Amino acid sequence: MTRPAIYGLMAEFDSAEAITKAAHRAHEEGYHDMDAYTPFPIEEVIEAVSPRNTGVPFFVLIGGVLGASGGFFMQMYAMTIDYPLNIGGRPPNITGWPSFIPITFESGILLAAFAAVISLIALNGLPMPYHPVFNVPGFERASQDRFFLCIEATDTKFDRRRTREFLQSLQPRQITEVEP
Amino acid sequence: MQRYEQIEPMEPIIGPGQTYATITERISSIPLTDLRQTPRGWLVGFAISFSFLMLFLISILWLFARGTGIWGLNIPVAWGFAIINFVWWIGIGHAGTLISAVLLLFQQSWRNSINRFAEAMTLFAVACAGLFPILHLGRPWLFYWLIPYPNTLGMWPQFRSPLAWDVFAISTYATVSLLFWLVGLIPDFAILRDRAAGKLQRQIFGLLSLGWRSSSRHWHRYEMAYLILAALSTPLVVSVHSIVSLDFAVSQLPGWHVTIFPPYFVAGAVFSGFAMVLTLTIPIRKWYNLEDFITMKHLDNMAKVMLVTGSIVFYGYLMELFYGWYSASAFEQFMVLNRMIGPYAPFFWALIVCNGIIPQLLWFKFFRQNIPFLFVFSIIVNIGMWLERFVIVVISLHREFLPSSWDMYTPTFWDWSLYIGSFGLFFTLLFLFIRFLPMINIFEMSMLQFSENEKAHGREARRVQLAGDTPEPAEMA
């Protein structure tokens, strides 16, 4: 596969309302490989450009289960097998489980939280200091008060001329070809 | 007309005339200020905090050299200032998590302007809190024995003890709070990177932002992860202070052996934490002209939370007295009497005034919206909550079962210097934070502005409809 000459076409908008409308239109038009760049998350834009499943909850579940069971069995092993102790009359066998619950809970939360943060960063492909969209003039305002929509060249419907015409019909401030 | 009235009045949570650009500009300009233009007031404040931090370090050094004998501890009062301060600081931290996590889950969007600040306060308070139990160990350099690790001693921590639960609770709490705070900072680091004037600033914030590019696909995962972290932190914050209270409640000492402790400790923690948030935000919003972001509405809401939690705490005090009497145990009954008329009785009555009586003033809007009153009030509550832990720890211990082992507890210079010094640590970190990081969550403020605009449009449309008109298309846009 040859590398496309450009990364995509980027349209710049003034307002959250305009980008919302534009993202919906692009979605209806049948574009899939696109992304919006907005200073803050906008529910409707996310629905239009992002696939449903984020993948994060799955990893959090795994982290939570691993952490909780790991914490529980560590205590079980320590207090009943490796070095059984009778403390306060709590039996040194499986029936003494209630006093292991606080640590089980804490270790479950700890690993679940790590799973949430690590999966957020890894699935988003961060850290990524360079990305083609940073080449777009004025893109530094995407984090502040401008709203961008990029239709990527990998999309099956992408066509340099027709996509540009489509974006033009959305009345953006400007359209830029994004260097790869 | 009645319904018209219901829709109209709405106290703003963002001041008038703000746009995305002005919000971003106002908040991000503080960390981006050139080092040479650091405000004089900041330098003075930082210098004072830093000198207290030095006092803290000297106290620790002397403690390491001489041992815990430099404090006023004795037997029976083996838990003195160190444990009081530990519980006090960790309680203060709880408001931060409550604001950032619980209020997020309840969709209380007014929290957006105070959550970053409150989370930072949590982290720094937990840092102070975490040091005290370690310093209280006889041999602090062996603190790692608390952690389960493969060792040649063939020993494990005693997992059935609340003290071991505490280690896990506090370390998990500190770690999760840090993660939550850092995740919240990533998009704001990107804003600072994009606004940075100098190359060095741009590189530093660029690294910290991990290359965040505000992509909607990223936002999608971000919102999911943030929500999950909030959902994880909510039971965590309840568990932490519950476990701290079990340090006391699991023992059999009169005054500690109380089943009401976990909920009453959690409420007390939130109460003292909100007091500290008020103590800190009232001057800071003034100095940095942030009245448009931390509005009267915020102060009023925080006062209401304090009224609720303060009343729960007061109920807890009364219940402790009631149970002491109702238990029909001579030791419990003596403990109640000793609290009320014993040698430390002034502390107990001061506690009742600070945490029981004065907060009831907050029923009145006049007091909730009176800024000087709130400031003084918040300091009174901070003192009251410290007294609460003093009452629980010292009064219960100093006259326990056997009269032959009764003794009095008198704090020494080093008790006080370590306590006052811990403020140095707290405020040094806080000063660094407000100078070098955005103290209000910028992107969440823009988001709040967006949703407020939408709401305003919605209200306008609804108002026009009720008045018998159809909304004009221009207003919808």
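One line per residue, one yes/no per condition, for (1) aromatic (Phe, Trp, Tyr); (2) at pLDDT below 90; (3) in contact with a Ser or Thr (Cβ under 9 Å, 6 or more places away or on another chain); (4) farther than 23 Å from residue B:90 by Cβ:
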site: B:151; (1), (2), (3), (4): no, yes, no, yes
site: B:165; (1), (2), (3), (4): yes, no, yes, no
site: B:195; (1), (2), (3), (4): no, yes, yes, yes
site: B:213; (1), (2), (3), (4): no, yes, yes, yes
site: B:228; (1), (2), (3), (4): no, no, no, yes
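If residue A:9 satisfies all but one of (1) open to solvent by less than 10 Å² (accessible area, probe 1.4 Å); (2) within 12 Å of chain B (Cβ to nearest Cβ), what's the number of the condition it fails?
(2)
With respect to residue A:32, determine if the residue is open to solvent by 70 Å² or more (accessible area, probe 1.4 Å) and more than 22 Å from residue B:23 (Cα to Cα).
Yes; evaluated as a whole, the condition is true for this residue.
Determine if segment B:214-223 includes at least one residue that is more than 7 Å from chain A (Cβ to nearest Cβ), touching a helix residue (DSSP H, G or I) at 6+ places or on another chain (Cβ under 8 Å) and either under 25 Å from residue B:126 (Cβ atoms) or crowded, with 21+ Cβ neighbours inside 10 Å (or both).
no
Take the residues in segment B:182-201 that are over 25 Å from residue A:11 (Cβ atoms) and within 10 Å of chain A (Cβ to nearest Cβ), then tell me which one is surrounded by the fewest Cβ atoms within 10 Å (Cβ to Cβ).
My answer is B:182.
If I go through segment B:23-49 residue by residue, how many of them are crowded, with 16+ Cβ neighbours inside 10 Å and more than 14 Å from every other protein chain (Cβ to nearest Cβ)?
The total comes to 6.
Residues in segment A:165-173: is at least one assigned to a helix (DSSP H, G or I), open to solvent by less than 40 Å² (accessible area, probe 1.4 Å) and among the polar types (S, T, N, Q)?
No, because not a single residue in segment A:165-173 is assigned to a helix (DSSP H, G or I), open to solvent by less than 40 Å² (accessible area, probe 1.4 Å) and among the polar types (S, T, N, Q).
Report, by residue number, each residue of segment B:172-181 that is touching a residue at least 12 places away in the same chain (Cβ under 8 Å), facing chain A (nearest Cβ under 8 Å) and surrounded by fewer than 23 Cβ atoms within 10 Å (Cβ to Cβ).
B:179
Pairs please, first residue from segment B:190-210 and without any contact (Cβ under 8 Å) to a residue 24 or more places away in the chain, second anywhere and surrounded by fewer than 19 Cβ atoms within 10 Å (Cβ to Cβ), Cβ atoms under 6 Å, 6+ apart in sequence or on different chains.
Taking only residues 6 or more apart or on different chains, the pairs are B:193/B:202; B:194/A:140.
Specify which of the listed residues (B:98, B:105, B:146, B:153) is away from chain A (no Cβ under 14 Å) and either surrounded by fewer than 21 Cβ atoms within 10 Å (Cβ to Cβ) or basic (Lys, Arg) (or both).
B:105
Is it the case that residue B:297 is at pLDDT 90 or above, part of a helix (DSSP H, G or I), among the basic types (Lys, Arg) and open to solvent by 40 Å² or more (accessible area, probe 1.4 Å)?
no
Filter segment A:81-115 down to residues that are among the aromatic types (Phe, Trp, Tyr) and open to solvent by 40 Å² or more (accessible area, probe 1.4 Å) and give me whichever is nearest to residue B:224 (Cα to Cα).
Among those residues, the one meeting the criterion is A:114.
Going by the structure shown, is residue B:260 within 10 Å of chain A (Cβ to nearest Cβ), touching a helix residue (DSSP H, G or I) at 6+ places or on another chain (Cβ under 8 Å), β-branched (Val, Ile, Thr) and in contact (Cβ under 8 Å) with a residue 40 or more places away in the chain?
It is false that residue B:260 is within 10 Å of chain A (Cβ to nearest Cβ), touching a helix residue (DSSP H, G or I) at 6+ places or on another chain (Cβ under 8 Å), β-branched (Val, Ile, Thr) and in contact (Cβ under 8 Å) with a residue 40 or more places away in the chain.
Provide a single number: the residues in segment A:136-156 that are open to solvent by 30 Å² or more (accessible area, probe 1.4 Å) and either under 19 Å from residue B:210 (Cβ atoms) or facing another protein chain (nearest Cβ under 7 Å) (or both).
Going through segment A:136-156 one residue at a time, the tally reaches 1.
Residue pairs, Cβ under 6 Å, 6 or more apart or interchain, first in segment A:97-117 and within 24 Å of residue B:225 (Cα to Cα) and more than 7 Å from every other protein chain (Cβ to nearest Cβ), second part of a helix (DSSP H, G or I) and open to solvent by 70 Å² or more (accessible area, probe 1.4 Å). List them.
What qualifies is A:111/A:66; A:115/A:59.
Which members of segment B:212-229 meet the condition of being within 16 Å of residue A:119 (Cα to Cα) and either among the small types (Gly, Ala, Ser) or in a strand (DSSP E or B) (or both)?
B:225
From B:475, B:452, grab the single residue that is in contact with a helix residue (DSSP H, G or I) (Cβ under 9 Å, 6 or more places away or on another chain), of a type in the set (Asp, Glu), open to solvent by 60 Å² or more (accessible area, probe 1.4 Å) and modelled with pLDDT under 80.
B:475 is the lone residue from the list that is in contact with a helix residue (DSSP H, G or I) (Cβ under 9 Å, 6 or more places away or on another chain), of a type in the set (Asp, Glu), open to solvent by 60 Å² or more (accessible area, probe 1.4 Å) and modelled with pLDDT under 80.
Tell me which of these residue A:78 doesn't satisfy, since it passes every other one: (1) open to solvent by less than 80 Å² (accessible area, probe 1.4 Å); (2) within 21 Å of residue A:11 (Cα to Cα); (3) free of Cβ contacts under 8 Å to residues at least 40 places away in the same chain.
It is condition (2) that residue A:78 fails.
Tell me which residues, restricted to segment B:230-257, are outside any helix (DSSP H, G or I) and open to solvent by less than 20 Å² (accessible area, probe 1.4 Å).
Matches in segment B:230-257: B:253, B:254, B:255, B:256.
Among the residues of segment A:12-55 satisfying the criterion of being farther than 26 Å from residue A:144 by Cβ and under 19 Å from the mean Cα position of the chain (by Cα), which is farthest from the other protein chains (Cβ to nearest Cβ)?
Here the residue is A:32.
The values are calculated or read from the model by the stated rules, or taken from the named source; none is laboratory data. Only a predicted model underlies this, so the values are computations on that prediction, with no experimental measurement involved. No Cβ is skipped: glycine too gets one built from the backbone with ideal geometry, and neighbour counts run over all protein chains shown. Heads up: the accessible areas ignore ligands, DNA and RNA and are worked out on the full protein's heavy atoms, side chains in. Shrake-Rupley method; radii C 1.70, N 1.55, O 1.52, S 1.80 Å.
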